[in-house]
Structures are given as structure tokens and as C-alpha cells.
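What follows draws every value from the coordinates through simple rules; no lab data is involved. All of these numbers come straight from a predicted model, not from anything done at the bench. Backbone-built Cβ (ideal geometry, glycine too); neighbour counts: all protein chains shown.
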Amino acid sequence: MSRLSRFSLVAALVGLSGCGGTPVDPPSGLAHSLATPSCGPADEPFTAIYLAAVPIESLQPPVPYVQVHVPESFAGLRAGLKWTVGESFPGGSAWLYSSASSPVAANGGEVGITGASEDAVVGYVDLRFSNGSRIRGTFDARRQSRQLLCG
């Protein structure tokens, strides 16, 4: 993807905003998603959810993408779970990767799970980032198991 294309996509993401309520469509430009086990800041089980512009082949997809961490084990994800996202734990956290430089941390928002199965995790994000960007939409993330020992 050229620099101009990346800039255009990031500009579209920055301008994305909603009118309240739960989103009903994937975030503009981030239609692909994946959920995988992760570890939290105290080495406890977390789940990482990736939202990306292209199909996710690795845990570092091409920019732009968003990486969300929620304080629930991969196996424990279920409908009805919801987390406030902020700059500190124990809630959820998120980072916007829009270039090869440093990611931008979310400083507010929410992540919710509306459904879960053996193969997928369905939910929504409404994230505000410290650079003024807002990412808001739904995801239907393919589950990708991996061996990971936390704790």
C-alpha cells in the first residue's frame, strides 16, 4: 500500500465518528478481525482482538490496524462482557497502528462482546485515541488459538 493510500485510509479513520448507541457495521477501513490469547500486564490471561484493513495472516498485520486487549481469558469470552478502555489497566486497552512509527494509545472508549462460539468472537468497539482519532464499529473475529503461558 502506498504512503498516499495509507494516509487516505488513516484520514478516513480519524474522521470516523458515530451518533451513540452500539455500532452496527465494521469500522471503516478495518473490516478484518482476529481474536487470540494474550497475557496482561501482571502476566494474567487476556485476549487480544485485532481489527485490520487486510486479512490477518500474522499478529503484526500491515498498517493500519487496531490491537485491543481485554482482561478475560480466551476461553472465557462470552456474550454480555463489556470493558471500559482507558490509559490504565485493569480495564481494556487499545492501540492504533497507522504507520511504522509508534502506536497511539486509546484514552477512552468501550469494547463489548455480543456473541462467542468455538470459531468466532462477535462484538463492538468504540475507541477514542490520544491523537483525536475515533474507531467505532462491530467485529466478527475469527478465533486463532496459540500456545501461550501466562502467570
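Tabulated data
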| read-out | value |
| --- | --- |
| Full-stretch length increase - N131, S117 - with 0.36 nm per residue and alpha-carbon distance subtracted | 1.6 nm |
| Average Cα contact separation per residue, segment 50-151, under 8 Å, 6 or more apart, as relative contact order % | 20 |
| Peptides ranked, highest mean first, by Cβ atoms within 10 Å: ranges 133-139, 78-84 | 133-139, 78-84 |
| Segment R142-D25, extension gain: residue separation times 0.36 nm, minus the distance between their alpha carbons | 40.5 nm |
